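Take a look at the structure below.
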């Protein structure tokens, strides 16, 4: 439908939006992979030069990353990449235990064979992945979401997305320490297989306890890897 003369377009141009998406994705990748180190300052001017774009998509990308807690915009023309800290990690997992613990109990009231099958598919994929953090995170999210998503409202999903992405950053940057630590590949797969077995058996109380224990084990493994990183 043609736009009437003199009226503002209700949406941004597709080209501009896709450019912002590309800049956001590349900055997100660089921060998660450690190419841009935690605690470092990034210059908006330098980013514009590197991407060969104006400051508009760069600022919008940084605003998106700020909403995820990955950066904080500073007065002037720079942003600060969030540091890794034991306190931040503890906060992430404290909230995850509260929210996911509640959701998994409520989800069990209406757990379906379809949901269990989705969780099994995600677990099968997860078991095939070894050291690629992005793929590990995606399969891990899919497994957790398959079991709790039916009980999650829109607000739950928004908060969980933020928490899962925040936890992913620690996974990306600390995966080397995890591989040398107590959390072996078979161990993490076994934890998830145990969760699925409890869900299939309909053991709600046991599943809730095991889910919290699983999150605590992940937190402790990441905290130990973070301590090793600081000492190094």
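Residue by residue through region 103-122, note down the ones that are surrounded by 18 or more Cβ atoms within 10 Å (Cβ to Cβ) and part of a helix (DSSP H, G or I). Quick ask: steps written out before the conclusion?
Of the residues in region 103-122, the ones surrounded by 18 or more Cβ atoms within 10 Å (Cβ to Cβ) are 103-104, 107-108, 111, 115, 119, 122.
If the condition is that a residue be surrounded by 18 or more Cβ atoms within 10 Å (Cβ to Cβ) and part of a helix (DSSP H, G or I), then 103, 104, 107, 108, 115, 119, 122 are the ones that fit.
In this structure, does residue 198 turn out to be modelled with pLDDT under 90 and out of contact with any strand residue (DSSP E or B) (no Cβ under 8 Å at 6 or more places or on another chain)?
In short, no.
If residue 87 satisfies all but one of (1) farther than 17 Å from residue 166 by Cα; (2) assigned to a helix (DSSP H, G or I), what's the number of the condition it fails?
Result: residue 87 fails condition (1) only.
Does residue 100 fit the bill of being assigned to a helix (DSSP H, G or I), in contact with a helix residue (DSSP H, G or I) (Cβ under 8 Å, 6 or more places away or on another chain), closer than 30 Å to residue 214 by Cα and assigned by TED's automatic domain parsing to the domain that holds residue 205?
Details: assigned to a helix (DSSP H, G or I): yes; in contact with a helix residue (DSSP H, G or I) (Cβ under 8 Å, 6 or more places away or on another chain): yes; closer than 30 Å to residue 214 by Cα: yes; assigned by TED's automatic domain parsing to the domain that holds residue 205: yes.
Criteria met by residue 100.
If a residue has to be part of a strand (DSSP E or B) and either farther than 24 Å from residue 134 by Cβ or in contact (Cβ under 8 Å) with a residue 40 or more places away in the chain (or both) to count, how many in region 33-61 make the cut? Break it down stepwise before answering.
Start the filter on region 33-61 by keeping residues that are part of a strand (DSSP E or B), which leaves 41-43.
Now restrict to residues that are either farther than 24 Å from residue 134 by Cβ or in contact (Cβ under 8 Å) with a residue 40 or more places away in the chain (or both): 41, 43.
Number satisfying all stated conditions: 2.
Determine, yes or no, whether residue 131 is assigned by TED's automatic domain parsing to the domain that holds residue 220, at pLDDT below 95 and not in a helix (DSSP H, G or I). First the steps, then the outcome.
On the way: assigned by TED's automatic domain parsing to the domain that holds residue 220: yes; at pLDDT below 95: yes; not in a helix (DSSP H, G or I): yes.
Answer is yes for this residue.
Restricting region 62-78 to residues that are touching a helix residue (DSSP H, G or I) at 6+ places or on another chain (Cβ under 9 Å) and in a strand (DSSP E or B), which is nearest to residue 171 (Cα to Cα)? Give the derivation first.
Taking region 62-78 and keeping what is touching a helix residue (DSSP H, G or I) at 6+ places or on another chain (Cβ under 9 Å), we get 62, 64-65, 67-73, 76-78.
Subset that is in a strand (DSSP E or B): 71-73, 78.
Working: 71: 17, 72: 21, 73: 24, 78: 26 Å.
The residue in question is 71.
The values are calculated or read from the model by the stated rules, or taken from the named source; none is laboratory data. Since the model is a prediction, treat every value here as computed from it, not as a measurement. Counting neighbours? That spans all protein chains shown, and the Cβs are built from the backbone with ideal geometry, glycine included.
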